[in-house]
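The values are calculated or read from the model by the stated rules, or taken from the named source; none is laboratory data. Computed from a predicted structure; not experimentally measured. Neighbour counts are summed over all protein chains in view; Cβ atoms, including those assigned to glycine, are modelled from backbone coordinates with ideal geometry.
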């Protein structure tokens, strides 16, 4: 088990090597590459296209080859990456078509270039407009088309549990419930005839809608491949450092981190404890950002040890 962090705000194109050096010196072993910063979600929702992904396949390889080389130089690996999202915006067919025809295949090419095993994808969010059953049908139809791009490859697509804003309140979105996530994964993997799809459990998203962390993780089992670890107050998707928020004047944590760690232990999770905490680091003064990054890495190492020392289900337990 390793500890990783997202690249957003750390690895920037104006000084790429410095970002890799900072991640290494902070104590991380892996990187969650934020490909979504090259086509940000607010632009996509607005139908705005800066055409970064107009580049040819050769240009894409050349552009990201330096990211691959610097990772090797500093002894880091890519544990996962995030595809730009959303892949579909209801009522904006032009930008949606661009996402399908340019962004998706070229994102997979970046994944291959970086030798990254998993790429996190947001499934279509269209239940508000068309209903849950139509949302399922459209997601299965679309991702089935990607199976030929995934068969026999060294990388997999991972769906992420999402939420939606309904009348000012956050409610479960696509793949928020383990049963729905399992349906998507098992259906598509059966169609593929091999494991082409896995799951990314986003702890912050689950906390916003009050999901049972332990149940979600243990039901997913070995379908769970990657993690997004971050904290919030249960109201806003803040992407803060774990253990930041408490309830009742500090008497209880806002996020069930014990349930998360116990669940990971019980399924034998051996992947990367990956932190999606860019906002939590960016709000600090530049002079202490590196120390904050080091703190996040230390939290990851502490979690790693906690997972290793949790009692297994077969262990003897003394109740009194």
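Quick notes on this structure:
- Within region 1-110, strands (runs of 3 or more DSSP E) holding 1 or more residues that are under 21 Å from the mean Cα position of the chain (by Cα) and surrounded by fewer than 19 Cβ atoms within 10 Å (Cβ to Cβ): 2-6, 77-82
- Candidates are the residues of region 175-202 that are assigned to a loop (DSSP other than H, G, I, E, B) and out of contact with any strand residue (DSSP E or B) (no Cβ under 8 Å at 6 or more places or on another chain); the one that is surrounded by the fewest Cβ atoms within 10 Å (Cβ to Cβ) is 193.
- Consider region 227-256 and keep the residues that are under 17 Å from the mean Cα position of the chain (by Cα) and not in a strand (DSSP E or B). The one that is surrounded by the most Cβ atoms within 10 Å (Cβ to Cβ) is 230.
- Verdict on residue 147 being touching a helix residue (DSSP H, G or I) at 6+ places or on another chain (Cβ under 9 Å), in contact (Cβ under 8 Å) with a residue 12 or more places away in the chain and assigned to a helix (DSSP H, G or I): yes
- Enumeration of residues in region 154-165 that are surrounded by fewer than 17 Cβ atoms within 10 Å (Cβ to Cβ) and touching a helix residue (DSSP H, G or I) at 6+ places or on another chain (Cβ under 7 Å): 164
- Residue check for residue 220: within 20 Å of residue 261 (Cβ to Cβ) and assigned to a helix (DSSP H, G or I): yes
- Looking only at region 118-144, and only at residues there that are touching a residue at least 40 places away in the same chain (Cβ under 8 Å) and in a loop (DSSP other than H, G, I, E, B), the one that is farthest from residue 84 (Cα to Cα): 125
- Set 261, 273: member being touching a helix residue (DSSP H, G or I) at 6+ places or on another chain (Cβ under 6 Å), assigned to a strand (DSSP E or B), surrounded by 17 or more Cβ atoms within 10 Å (Cβ to Cβ) and modelled with pLDDT of 95 or more: 273
- Test for residue 164: is it free of Cβ contacts under 8 Å to residues at least 24 places away in the same chain and not in a loop (DSSP other than H, G, I, E, B): no
- Residues that are free of Cβ contacts under 8 Å to residues at least 24 places away in the same chain and under 16 Å from residue 109 (Cα atoms), drawn from region 38-68: 52, 56, 58, 59, 62, 63
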